[in-house]
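Here is the structure we will look at, set down as structure tokens.
None of the figures in this text is laboratory data; all of them are computed from the coordinates on show. Just so it is clear, the model here is predicted, and its values are computed rather than measured. Neighbour counts are summed over all protein chains in view; Cβ atoms, including those assigned to glycine, are modelled from backbone coordinates with ideal geometry.
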Amino acid sequence: ENIYDEMEMSYPPRDNSCTISIGSRSSHLSYPEEHPRERPMTMARRLKILPGGQWKPLNCHPLFNVAIILPYRNRQSQLGIFMNYIHPFLQSQNLDYRIFVIEQSPMREFNRAKLFNVGYAEATKINDFHCFIFQDIDLIPQNLNNIYACTKMPRHMSSSVNTFRYNLPYTGLFGGAIALTRKQFERVNGFSNVFYGWGGEDDDFYSRLQSRGFQITRFGPNVAQYYMLTHKKESPSTTRFANLENGARRYDTDGISNLEYKVLNHQLRPLYSWILADV
Ligand code: NGS
């Protein structure tokens, strides 16, 4: 299978475009906890990461321009492990990328989906990103052939997770890590903003895609392998099924079209752009 054929390039190929040699190197990586840890400033200097967690290859023209959006609250050690692991991973894929951590202020229950919308909105103010990866920081991609860029169809990237014994639990699962072009994301009005608490927001998003006629894609289970960092399970929200049930009525009015939030703080940290948002 040639993964390249499925990719949606951000820039047209040209002389000296970067290449990613699929399958030609050892594709399985060691476990994230086993990676040598480095201080953020040291890593940023060594890997030439610009303030705010930006990087692009300088000796070839990148094919992909990607914003990586990570919703966050209260998982500091996981964030450290993720950043330590992901920068070398992304650089080996020769991407033009920038990482955003969208932290939710303490007041309300966690709203993963709305934080994704905020990430999209803030990233779009900074740069004309072509492709967005929306993902949780507890998910570590284990195969270098799992390209952190967009495909012609919206892609479920984390279909093979160790905690599910590397099986897809249900066909409509579209959570964990996903990749969409800006156009695809805008076509479905982004995520719903009403899912406070755990669960359902990803199912709602999958329904949005279906309602707009999108098919989704997944790479093979070998490529789409993830290792999940352990943490306590959240208790599911009690309103998630009601929100799912009447979701279709809100596709056009609830999403990036009516997104309201306040940025309380933002910083260009060595390994990522940090945005504290009240949602
Ligand atoms: C479903 C949830 C999804 C969730 C998926 C996997 O039941 O949001 O489980 O969860 N849907 C509802 O609650 C309606 S996991 O096992 O990865 O924690 O993503």
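Show me, bin by bin at 5 Å from 0, the whole-percent P(r) of the chain based on Cα pairs.
P(r) for the chain, in whole percents per bin: 1, 6, 13, 17, 21, 19, 14, 7, 3, 1, 0.
Over the stretch 26-124, what is the percentage of antiparallel beta bridges among all DSSP beta bridges, to the nearest 5?
Counting only bridges with both partners in the stretch 26-124, antiparallel ones make up about 25 percent.
Explain nothing, just the number: relative contact order of the chain, from Cα pairs under 8 Å at least 6 residues apart, as a whole percent.
25 percent
What is the Cα centroid distance between the stretch 108-137 and the stretch 214-279, reported in whole angstrom?
The distance from the Cα centre of the stretch 108-137 to that of the stretch 214-279 comes to 8 Å.
Which lysines, on any chain, are close to Lys152 with Cα under 18 Å apart, when same-chain ones fewer than 8 places away are left out?
Lys183
Among 186-192, 36-42, how do they line up by average Cβ neighbours within 10 Å per residue, starting with the highest?
186-192, 36-42
Can you list, bin by bin at 10 Å, the percent of alpha carbon pairs in the stretch 128-279, starting at 0?
10, 35, 40, 15, 0
What is the magnitude of the charge dipole of the chain about its Cα centre, with +1 placed on the Cβ of each Lys and Arg, -1 on the Cβ of each Asp and Glu, and no other charges, expressed in debye to the nearest 20?
440 debye
Anything in the chain that counts as a DSSP H helix reaching 18 Å or more along its axis (C-alpha) with Kyte-Doolittle mean of at least 1.0? List them, would you?
Span-like helices, by this rule, are absent here.
Can you tell me which lysines have their Cα less than 24 Å from the Cα of Lys262? Leave out same-chain residues fewer than eight positions away.
Output for Lys262: Lys114, Lys125.
Over the stretch 49-188, what portion of Cα pair distances is larger than 28 Å, expressed as a whole percent?
14 percent
With a 10 Å radius around each residue's Cβ, average the other Cβ atoms per peptide and rank 224-235, 140-151, highest first.
Order by mean packing, descending: 140-151, 224-235.
Within the set of other residues whose C-beta is less than 15 Å from the C-beta of Phe191, count the net charge using Lys and Arg as +1 and Asp and Glu as -1.
Taking every other residue near Phe191 into account, the sum is -2.
Rounded to the nearest 500 deg cm²/dmol, what is the calculated helix-only ellipticity per residue at 222 nm for the chain, with -39500 (n - 2.57) per DSSP H run of length n ≥ 4?
Calculated mean residue ellipticity at 222 nm is -6500 deg cm²/dmol.
If you take every DSSP beta bridge fully contained in the chain, what fraction is antiparallel? Give it as a percent rounded to 5.
Bridges in the chain that DSSP calls antiparallel: roughly 50 percent.
Less than 15 Å apart at the alpha-carbon level, and either on another chain or at least 8 residues along: which aspartates and glutamates does that give for Lys232?
Asp136, Asp138
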